[in-house]
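Before any comments, here is the structure.
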């Protein structure tokens with residue numbers, strides 16, 4: 001069930017961060033349960049994903065613009081007060 005949640009979060013995140021590459025595919029996902037996770041815990045989630053070509057025939061490399069958009073979304077600049 002956790003992979004379903006992770007996939008939903010990944011899909012929404014990519015659609016918001018990189019609309020041109022939201023049709024990406026996870027090529028590997030795994031979960032190792034080392035201890036229980038509680039709703040107050042901070043967990044790290046990662047996956048290997050590729051972007052599909054427009055016709056869906058195969059994968060293509062991430063563009064520089066897509067990588068920059070992902071990096072910007074993952075590392076937002078905090079406003080100085």
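Odds and ends about this structure:
- Counted residues, segment 26-54 - those being more than 18 Å from the chain's Cα centre (by Cα) and loosely packed, with under 10 Cβ neighbours inside 10 Å: 10
- The residues in segment 64-81 that are in a loop (DSSP other than H, G, I, E, B) and modelled with pLDDT of 90 or more can be counted, and the count is 0.
- The set of residues from segment 6-45 being at pLDDT 80 or above, assigned to a loop (DSSP other than H, G, I, E, B) and closer than 18 Å to residue 61 by Cα comprises just one member, 18.
The values are calculated or read from the model by the stated rules, or taken from the named source; none is laboratory data. The structure presented is a predicted model; accordingly, all values stated were derived computationally and were not measured. For neighbour counting, all protein chains shown are included, and Cβ atoms are generated from backbone atoms with ideal geometry for every residue, glycine included.
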